[in-house]
Amino acid sequence: MVSLWENWRRGVGMSRRGPKFDTVGGPSTYAMELTKRHPELSLTKQGADTGSMQVNLSWRMRSSDLESVGRGTGGSLRHPLRAFKPTVVQAHTQGVVNVDLDLACMYELMDGSKGVVQPLGNFLGDWNAPPYVKLTGDDRFGSPSGETLYVNLDHRDEIKRLLFFVYIYDGTPAFDRTHAVLTLIPSNGPHVEVGLDERAPQARSCAVLLMENVKGELRVRREVRYVYGFQAELDRLYGWGLQWGRAYKSQKV
């Protein structure tokens, strides 16, 4: 019979030899999660720097911790830990703060050209021509499919850096009331996930992930930096040097 001490030693040994990055899901949905402790990853070393890469933003709204206290069967006195577990609801549920998250990308190419791909102003990018980044769709309700950017990594040598960011176009600033995840889905290699799980009341924008071409090696780094303004503030933070003006989304019918 294996003793408790041997089990403990075996567990410690496995943790020391374990993967550097936190993993999410089973073999069919294997993903690497970029965290504060392990914020960077080489796509090139993972063999994930060619072909089509999806950058997907998905989210759900959740009520505040205070709203969940005492609600449901049993109440917080019978189940005290429920007071610290927010209740997840759909983004368009009545009675819950409505937030419209948008996925966007600032780009800088090797030839010095810069710009943005975003729903505002209908800057949807291009797949076969610069900037080799294309936005499809605009999800205003946090559906399971979310919003997706496509990056043509067959032109990776022409890309200097890409900053993927999220902003709240309409509704109450409430990043702390959403459960949002940005996922990189390359043609080869594991998925890469970044969770927007930090409390940032009143923040309207968040720089989530920076992709850079460093001497031919494509690297990604978790940022998760919240700001209280919009694109212009993120621009100043990362030194993009673009000129910004007001823009609006077209009305959907």
Residues of the range 218-229 satisfying the condition of being surrounded by fewer than 17 Cβ atoms within 10 Å (Cβ to Cβ) and on the phi > 0 side of the Ramachandran plot: none
Residues (at pLDDT 55 or above and in a strand (DSSP E or B)) located in the range 22-38: A31, M32, E33
Close pairs from the range 224-242: first more than 12 Å from M106 (Cβ to Cβ) and small (G, A, S), partner modelled with pLDDT of 90 or more and not in a helix (DSSP H, G or I), Cβ under 7 Å, at least 6 apart: G229/S205
Of the criteria (1) out of contact with any Phe, Trp or Tyr (no Cβ under 6 Å at 6 or more places or on another chain); (2) open to solvent by 10 Å² or more (accessible area, probe 1.4 Å), which one A232 fails: (1)
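The values are calculated or read from the model by the stated rules, or taken from the named source; none is laboratory data. These figures come from a predicted structure and were not determined experimentally. Ideal geometry is used to build each Cβ from the backbone, glycine not excepted, and the neighbour counts take in all protein chains shown. For accessibility, only protein heavy atoms count, side chains too; no ligands or nucleic acids. Shrake-Rupley method; radii C 1.70, N 1.55, O 1.52, S 1.80 Å.
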